[in-house]
Every structure is written in C-alpha cells, then in structure tokens.
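Derivation of every value follows stated rules applied to the coordinates shown; laboratory data play no part. Here the structure is a predicted model, which is why all the values come from computation and not from measurement. Backbone-built Cβ (ideal geometry, glycine too); neighbour counts: all protein chains shown.
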Ligand code: HEC
Ligand code: HEC
C-alpha cells in the first residue's frame, strides 16, 4: 500500500546520494605502484584535484561517439546539454544499437537534478525534522524510470552495453575504444598506467569518470531558474504564474507538490520538484513505441521487465519514478513512455484521467473505453488515488478547469534553467 507522500523531504547528503561521493574509487582499480595516482587515502586537496580530473575526463567521454558500437552515438546524443541533458527530439524513444536502428523502450529523462536522488529503497522514511518519520513513503529513489541503478557510475554501464543504446559487446570493447581515444593518456594518469591491461577495471573506471562528471554542479544542478530567483527574492512571477503555483501546491486542487516538491527544505536546500517516489498513474499505452506492437509486451516499471528483482511483487506493477519538473517545459515527450507531446496534455491528464477517460484511452470495438489500457486490471489497486485523482468518476467535475491547467503550465515554465532559455521552448 502506497502511503500519502510527505511534502518535505530532506535531501540526502551528497555521500549518500545516487551519484555517490565524487572522490570514491572502486577498490578493484586502486592499485599501488607505478602510475597509480591513488595509492591510499587522499588528502582533501588531492581528493579535490582527483574529482576535477575525473570530471574533465567524464565530460570528454560523455560527448564521445567513439564509445559506441556504431561510432555515431554518444551519451550526449540522447542527453543533449541544450535540452537540460534530455532528448532534443520529439520521438518517444531514441534509436541505438550498432546500426542505430534499434528502438529504445522508454523516454529519455533529463539528467539534471539527479544528484539529490537517494539510493533506491522499498521503505522511505522522512528525517525527523522534515516530516513524519513514522510514515513509510514506499519505494523511493534510484536512477532510471524504475530505480534499478543506485549510482551514476553504476547507471553509466547500462547505456554503454545496452543493445538498443551504445551497444558495446562487452567491457573489453569499451576499454579498447578508450585506449584509442585522444584522452587515453588522461585516463591512464587518473587510473594507472596499466589500466588498459585489465578491461574490467578500465570499464569500472569509465563509469566512475562519467558518474563524477554527472555531479558537476554547473552542468547538472545550477538552480538558475526564474523560480529559484523568485524564491531568493530576486525575481517576480506573473499573476498567472503565481496562481499556477498556488494550484500546484493546493492539496485540494493540483496537489502536484505532494510528489513534485516545490518549497525549499528546512535547511534551505532548493526544491527538487520530485520526492523520487515510485508511483502508478496509468499513463495510456503508447502505440508509437515499436515494442508495444506486441500486445503481450508490458512495461510495468518497478515489477519489470527491465528491472528483475521484483518480478513477483504484483503490488509494484505500474510504478515509475517521479521525475523532476525542473526544465520540463523543454521536453517534447512526457512520462516514461513519451505518450504525450505537449506539457498541457501532461498536466490535463491529471485533471481528467478519471472524469473524462474517453479523452485519454482508446475504445474497444463495442465502443466501451479501454481505461488504464497499459496496466492489467489485476494491478489497478496499485494506482494512486490522491487528489487530483481523488476517486473521481466519469462525468464528475475535474479537479482543475481549463484555465487552471493553463496557469499550472505557465508556472512550470518558470522552472527552466537560465542557460537553457535561449533554446526555443516547446
Ligand atoms: C539511445 C539513447 C541513450 C543513450 C545513448 C544514453 N542514454 Fe541514458 N538514458 C536513456 C534512457 C531511455 C533512459 C531511461 C532508461 C530506463 O528508465 O530504463 C536513460 C537513463 C539515464 C540515467 C538515469 C536518469 C534518471 O532519471 O534516473 C542516467 C544517469 C543516464 N541515462 C546516463 C547516461 C550516460 C552516462 C550515457 C552514456 C554512457 C547515456 N546515458 C547514454 C537513453 C540513452
Ligand atoms: C502521487 C504523486 C504525483 C502527483 C500528485 C503528481 N505527479 Fe506528476 N508525476 C508523478 C509520476 C510517478 C510521474 C511519472 C509517471 C510515469 O511516467 O508513468 C510524473 C510525471 C509528471 C510529468 C512528466 C514529466 C516528464 O519528464 O516526462 C509531468 C509534466 C507532471 N508529472 C506534472 C504533474 C502536475 C502538474 C501535477 C499536479 C496536477 C502532478 N504531476 C501530480 C507523480 C505525481
């Protein structure tokens, strides 16, 4: 049973966050001896220098298409820095593989603001000063839409090897590409002269560098949106944006902030616009995803099939991770399956999923509505029923009117980071 989520969430210290501590190094690649730059515990200054070196290395790797089997796909091909490290395209899923003809199965998330994601846990309790520490908030945290990777460095291995992403045959193929790269010497000075003699170690090191780059604040968590400036008393919002914010936070209206946290934490940490909870909201099936041509293929999130450790947990079927809404106005596809293509539709779905299901879900031959068409009925009890859904039925008045939806969309437009604002909004 998913409990009502708390509004305030203390952001885990960096050391416990999903990307881990920048300066940690997997034990397997700490080898004393010639060429190794980290023979033991590092001084603060050395640790800082090391983090900087790995960030620079990770940045080069992130933009390097030579690290893919096709030779044409880098991390940045899908995670475009001009789109808040989300996709530039409007396609619900991206192509990958050795010939770039293998479609993915999920929408590409933005990589911004993941530094605050706690490691995945089935039972998340707020800290005592931020909420009710006796309330179990249920499955929370981790990376990817189903939380199956806990650290940036662990996550980076998924796209490097996935047959529908960068599609390297194995760790050795990645190590070979790194050895041929223009930054091979940087790689050796960071991880040891003999790092390429041990492909497994080189692969771990590559993931470590990428994970460290993903913690670069200027790139990944600048907190530079107009809303951040507003919270700091340095900018104003329009009347419409302010109204949208009120609706977003009102527990009887949008109630959006119960999951997409919008207020700074007690310690002053800016809001992340997610509590990282895994929740089922029954986004309609997306026929534009090739895998969905097979009616027996179901992406059920936390219970699989991409995630395999909770296969038998039927109470976890349909749950996906709550994404941040920072920079959401830059997106051209929304939700885990990229079903919707305008932010307005994504917001309107919350208002009328249950009051006007015929607008969102397809019809059977006999005209009846195939409600929640991407989630078998056995899993419907997993669906979130908090406001704005609130147990409403077809024909009831939606929690938000058309103009109220517009106001929330306007408010969400204030969450775009300043370095992204030159990019034409969706
Ligand atoms: C072909 C497109 C593609 C490429 C290339 C790609 N990714 Fe991704 N990335 C995705 C998709 C799709 C997801 C969501 C996967 C899921 O939920 O199962 C994702 C998820 C992630 C996440 C987790 C985000 C979150 O919200 O939890 C991180 C971190 C990430 N990718 C980093 C990388 C890195 C580093 C690389 C390069 C080594 C890379 N990606 C290459 C498509 C791609
Ligand atoms: C009970 C928790 C919860 C509440 C309340 C909630 N959301 Fe969400 N939100 C989620 C989850 C979970 C997802 C991802 C679901 C999926 O992809 O299947 C999501 C996804 C989104 C997305 C898509 C973002 C992207 O990157 O694709 C938008 C936009 C969004 N929510 C806006 C809102 C607004 C606006 C409200 C209030 C009207 C709201 N949400 C209320 C949990 C919640």
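For a modelled paramagnetic label at residue 344, 7 Å from Cα along Cα-to-Cβ, the residues of the range 387-403 in reach, with backbone nitrogen under 20 Å, are 398-403.
Taken over the chain, the ratio of Cα radius of gyration to 2.2 N^0.38 Å equals 1.00. The modelled label-to-label distance for the pair residue 263/residue 52, using points 7 Å beyond Cα in the direction of Cβ, is 4.0 nm. Largest GNM mean-square fluctuation among 363, 326, 50, using the chain with Cα springs under 10 Å: 363.
Normalising the average separation of contacting C-alpha pairs (under 8 angstrom, six or more residues apart) by the number of residues puts the relative contact order of the chain at 20 percent.
Multiplying the residue separation of residue 123 and residue 370 by 0.36 nm and removing their Cα-Cα distance gives an extension gain of 85.6 nm. Seen from all directions on average, the range 159-207 presents a Cα convex hull projection of 3.0 nm². Out of every Cα pair in the range 226-420, what percent are spaced more than 19 Å from each other? Across the range 226-420, Cα pairs with separations above 19 Å total 62 percent.
Over the range 129-276, the Kirkwood radius and the radius of gyration, each from Cα atoms, give a ratio Rg/Rh of 1.12.
Based on the Cβ-Cβ distance from residue 182 to residue 291, what FRET efficiency comes out when R0 is 30 Å, to the nearest 0.05? With a Förster radius of 30 Å, E is 0.25. Annotation for the range 182-236 versus the range 339-376: alpha-carbon center distance of 39 Å.
Each label point was placed 7 Å from the Cα along the Cα-to-Cβ direction; for residue 99 and residue 380 their separation is 4.4 nm. Name all residues of the range 236-256 having a backbone nitrogen under 13 Å from the label point set 7 Å from the Cα of residue 390 along its Cα→Cβ direction, giving them as ranges. So the set is 247-256. Does the range 218-285 classify as rounded, prolate or oblate by the C-alpha gyration tensor (a ≥ b ≥ c root eigenvalues; a/c under 1.5 gives rounded; else a/b over b/c gives prolate, otherwise oblate)? It is oblate, given that a/c is not under 1.5 and a/b is not larger than b/c.
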